[in-house]
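The values are calculated or read from the model by the stated rules, or taken from the named source; none is laboratory data. Since this is a predicted model, take the numbers as computed values, not measurements. In this analysis, Cβ positions are derived from the backbone assuming ideal geometry, glycine residues included, and neighbour counts consider all displayed protein chains.
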Ligand SMILES: [Zn+2]
Ligand SMILES: [Zn+2]
């Protein structure tokens, strides 16, 4: 659903930006009208969405030059891509978690490395072409430095509102939620969505599955399902009345949303354990049984690897390598 600009609760304006991604068709941008105004997440950075963010700021009754903070929930392009232009046009400072800040500042370098890795992987020609298009698209995303590298527990001071940084690694390692304790409001980024559950897994690991890593080489954008579940449980310890997610509708049932997300992830893991109990299987077979027919094999392969990594760490599953193929079985 497209939202031009609505004041959800006093001082919190929500607007949506369309995204060119399958399954995630828009991003919520939040504009906080406070003594020191802030915007949370800025879109992929195309000219139309940058103009829309700036118009949203004005329509919320804030002078563009008065915007002070650009807060980035995490290191995925639809959340930080507009930072450079919004910063250049407003003079606002950019905030992100230290881990996200490193990933954002090293973004182009990581994309170039990934582009080279793609050449080392065996895959159908059309897959390779599609991935190369994605890499070229990523290189077009503008990057700017992060002015304030925040950590768990830090306070971002908006004058008339305080936001506490809650580090919630899992969906991405540098993910933060922002907690307004006074109003019991939580900006959840991609950690808890308005509907459905976020992708958590081995990111591009699904593509490079079977490819040996070189020393210090990252598969980029790796999530961690184990950390993700712990971060969800951490949120249960906060008193929250309303959540503002980066995708999907605002929810006044935060604990319901968190519980549903936990249950969906746990039931997927249970299903995986059942599948493995039937005996040794290779990854492709496991993915097919776990997800059925899918649109994006690499994404679900990455998510499956995420669950498998967790089970391996817990000592419940072991893997063997045979002729370049990975097999998994219960211990
Ligand atoms: Zn994300
Ligand atoms: Zn997102």
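Structure summary
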read-out	value
Number of the condition not met by residue 39 [criteria: (1) within 18 Å of the chain's Cα centre (by Cα); (2) more than 16 Å from ligand 1 (Cβ to nearest atom); (3) under 17 Å from residue 141 (Cβ atoms)]	(3)
Which listed residue, of 241, 213, is away from ligand 2 (no atom under 16 Å from the Cβ) and either buried (at least 22 other Cβ atoms within 10 Å of the Cβ) or at pLDDT below 70 (or both)	213
In segment 1-11, the residues that are outside any loop (DSSP other than H, G, I, E, B) and out of contact with any strand residue (DSSP E or B) (no Cβ under 6 Å at 6 or more places or on another chain)	9
Helices (runs of 4 or more DSSP H) contained in segment 250-331 and holding at least 2 residues in the same structural domain as residue 185 (by TED's automatic domain parsing)	254-277
Condition check for residue 100: over 28 Å from residue 251 (Cβ atoms), within 19 Å of the chain's Cα centre (by Cα) and within 16 Å of ligand 1 (Cβ to nearest atom)	no
Residues within segment 226-249 that are part of a loop (DSSP other than H, G, I, E, B) and more than 16 Å from ligand 1 (Cβ to nearest atom), tallied	6
Selected residue [more than 16 Å from ligand 2 (Cβ to nearest atom), buried (at least 17 other Cβ atoms within 10 Å of the Cβ) and farther than 17 Å from residue 69 by Cα] from 193, 114, 163, 158	114
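This table checks each residue for (1) closer than 25 Å to residue 192 by Cα; (2) assigned by TED's automatic domain parsing to the domain that holds residue 39; (3) touching a strand residue (DSSP E or B) at 6+ places or on another chain (Cβ under 8 Å); (4) at pLDDT 95 or above.
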| position | (1), (2), (3), (4) |
| --- | --- |
| 122 | no, yes, no, no |
| 129 | no, yes, no, no |
| 132 | no, yes, no, no |
| 153 | yes, yes, yes, yes |
| 159 | no, yes, no, yes |
| 163 | yes, yes, yes, yes |
